[in-house]
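Inspection log for the structure reproduced underneath, given as structure tokens.
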Amino acid sequence: MDKTGDVADDLMALVAVVEAGGFSAASQRFGIPVSRLSRRISGLEKRLNVSLIVRNSRRFKVTDIGQRMYAHGANIRAEAQRALSAARDSLGEASGTLRISCPIALSAMLVGPLAIDFSLRHPRVAITLDATDGRPSAFSDPVDLLIRPSVKPLRDSSLVMRKLADVPYVLVASPKVRDALPGAMLPAQLQGCPAIGWTFMPHAARWLLSHAREGDAEIDVRVQFTSDSLLQIREAALAGLGVAQLPASMCTADFKARRLSLIAPGWTPPPISLFALYPSRRDLTIAGRLFLDELCEAASALGKPGQGNAFLES
């Protein structure tokens, strides 16, 4: 039993070092001395007779077996967290930790404000919100809820997926760019126009547009600036770098203030679907279930009239 406990502690040290990207970083992040982390992992390597981490003054690399041991350690930690959550849930109130990962723009527009309000109403819940570019990173900390955008339906049998909303997108540009375009009423008039690319889309310079009556059209644009951040793309559009594809709900205030103009009214890029992903409904704590329900209700408003869609009717 003692040896098993020692192995578990050693694996937790490995998890800390891998997720932090180094011994010094793990020491600063988790408040554990470097010497103790190094001793733990060296002991585990001797016990298993394998090399888990290649480390010297210029290199830090996790070996293949190190990655496998990291995965086992992360699973042990997740199971321990579930056990604690189950105990807390037996009290019948929202408590414990809730870790959420979502794209930066969604954090600013939707998830962040909701998480702050949720924290105020549930002081026994400790929320951590990780804002990302929308793509999972290697050795990222485990989360309870992942909020992910997708052009196509997501497929992953290991996760439960709950669709939050279909978010409509529009073509926008600054008034200066709009005035320089020849009418900008039809896709053909946008061929070769200056544009802002979004790395999330499959093709930065070829855009698919759809119209309720006219069908689909593809155009080739001249991309002058590309980003993985919708917030940055909006700033580039406001600065006059070209036409951008943005969520309609993100542009409402800019339309009203005439900082941005709708381009090719009626023609829209494909909507982006938002999904919440989690291991299973059973694994969600009371806090996780409550937050997910509130998130679904809040996200549904992104696709309803009054959230930017009024500008599409033309």
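The values are calculated or read from the model by the stated rules, or taken from the named source; none is laboratory data. On a predicted model such as this, the values are computed, not experimentally measured, just so you know. Virtual Cβ from ideal backbone geometry, glycine too; neighbours counted across all protein chains shown. Note: accessible area is taken over every heavy atom of the protein model, side chains too, but ligands, DNA and RNA are not part of it. Shrake-Rupley method; radii C 1.70, N 1.55, O 1.52, S 1.80 Å.
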Residue satisfying all of: in region 93-122; open to solvent by 20 Å² or more (accessible area, probe 1.4 Å) and within 12 Å of T285 (Cβ to Cβ); modelled with the lowest pLDDT among these:
E93
Going by what's in this entry, would A237 be described as among the aliphatic types (A, V, I, L, M), modelled with pLDDT under 90 and surrounded by 15 or more Cβ atoms within 10 Å (Cβ to Cβ)?
no
Segments classed as strands (runs of 3 or more DSSP E), wholly inside region 184-232, with at least 1 members that are surrounded by fewer than 16 Cβ atoms within 10 Å (Cβ to Cβ) and of a type outside the set (S, T, N, Q):
206-211, 215-220, 222-227
Taking region 53-90 and the residues there that are modelled with pLDDT under 80 and in contact with a strand residue (DSSP E or B) (Cβ under 6 Å, 6 or more places away or on another chain), the one that is surrounded by the fewest Cβ atoms within 10 Å (Cβ to Cβ) would be R88
Would you call A298 small (G, A, S), under 22 Å from the mean Cα position of the chain (by Cα), modelled with pLDDT of 90 or more and open to solvent by 30 Å² or more (accessible area, probe 1.4 Å)?
yes
Only one of (1) modelled with pLDDT under 90; (2) open to solvent by 50 Å² or more (accessible area, probe 1.4 Å); (3) closer than 22 Å to I272 by Cβ does not apply to S150, and that is (2)
Please verify whether region 224-235 includes one or more residues that are among the charged types (D, E, K, R) and within 21 Å of P265 (Cβ to Cβ).
yes
For D144, indicate whether it is of a type outside the set (G, A, S), open to solvent by less than 60 Å² (accessible area, probe 1.4 Å), touching a helix residue (DSSP H, G or I) at 6+ places or on another chain (Cβ under 6 Å) and modelled with pLDDT under 85.
no
Answer yes or no as to whether A236 is more than 21 Å from L110 (Cβ to Cβ) and hydrophobic (A, V, I, L, M, F, W, C).
yes
Tell me, which residue of region 240-264 that is open to solvent by 30 Å² or more (accessible area, probe 1.4 Å) and on the phi < 0 side of the Ramachandran plot is nearest to the chain's Cα centre (by Cα)?
A253
Yes or no: region 148-164 includes at least one residue that is more than 26 Å from E294 (Cβ to Cβ), part of a loop (DSSP other than H, G, I, E, B) and of a type in the set (D, E, K, R).
yes
